[in-house]
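The values are calculated or read from the model by the stated rules, or taken from the named source; none is laboratory data. Owing to the predicted nature of the structure, the values given are computational and were not obtained by experimental measurement. Note that each Cβ is placed from the backbone with ideal geometry, even for glycine, and that neighbours are counted across all protein chains shown.
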Amino acid sequence: MYEVEVKVPADLAAVRDRLEAVEARSRGSVVQIDTYYDAPHRKFTETDEALRIRSEWTDRGSTDTHLTYKGPLVDDESKTREEVETTVGDHEKTDAILTNLGFEAAATVRKERERFALEGYTITLDSVDDVGEYVEVETDVEDESDLEAARDGAYDILERLELEPDDQLRTSYLGLLLGSE
């Protein structure tokens, strides 16, 4: 599976008003804590990969934890990459497994997210600690031949929200956080 994602810096208050105008459906809010790891056998910063444990608390009080691998970017136009994710039962135990295998926690990113749905895309308003405010538009596709159409659809949604696709950042929140230290 491929995650097609476009991210731009934005004034979230202004975007909320525009989301209402385009009739995007609210999907709730979450707080996410992402712990990223370095591998003992290669440097993910050099290979453009990522391995993380994400714990998520919803506005309904539930908690989920996932282990995610993200492959290198597959194009020069967006943050599209292969993504493999699975639910895990416990953040601390998963951390212990990775640490015992030689993986080292590199950094933690905390964000508050508001999610909206529109025409098969997820629009996320992110407030990221020590990084800033961003809007992400993303969708998943199974086949590489669908990447361009999905990316163009994400650009269209950004434009409908009066955001500029040319302002997109291909740097992850982790990269933005580490670049600001």
Taking only pairs six or more apart or across chains, which ones have beta-carbon atoms under 9 Å, a first residue in the range 143-164 that is in contact (Cβ under 8 Å) with a residue 40 or more places away in the chain and at positive phi, and a second residue that is among the hydrophobic types (A, V, I, L, M, F, W, C) and surrounded by fewer than 19 Cβ atoms within 10 Å (Cβ to Cβ)?
Glu162/Ala14
Are any of the residues in the range 86-95 surrounded by fewer than 13 Cβ atoms within 10 Å (Cβ to Cβ), out of contact with any Ser or Thr (no Cβ under 9 Å at 6 or more places or on another chain) and of a type outside the set (Asp, Glu)?
yes
Identify the residue in the range 129-179 that is assigned to a strand (DSSP E or B) and modelled with pLDDT under 95 and, among all such residues, is surrounded by the fewest Cβ atoms within 10 Å (Cβ to Cβ).
Asp140
Selection from the range 38-73 of residues that are surrounded by 17 or more Cβ atoms within 10 Å (Cβ to Cβ) and in a loop (DSSP other than H, G, I, E, B)
Glu49
Within the group Thr87, Thr35, Thr94, which residue is closer than 16 Å to Gly175 by Cα, in contact (Cβ under 8 Å) with a residue 12 or more places away in the chain and not in a loop (DSSP other than H, G, I, E, B)?
Thr35
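I'd like the full set of residues that are among the aliphatic types (A, V, I, L, M) and touching a His at 6+ places or on another chain (Cβ under 9 Å), limited to the range 78-135. Reasoning before the result, please.
Initial filter on the range 78-135 (among the aliphatic types (A, V, I, L, M)): 84, 88, 96-98, 101, 105-107, 109, 117-118, 123, 125, 128, 131, 135.
Of everything in the range 78-135, just one residue is among the aliphatic types (A, V, I, L, M) and touching a His at 6+ places or on another chain (Cβ under 9 Å), namely Val88.
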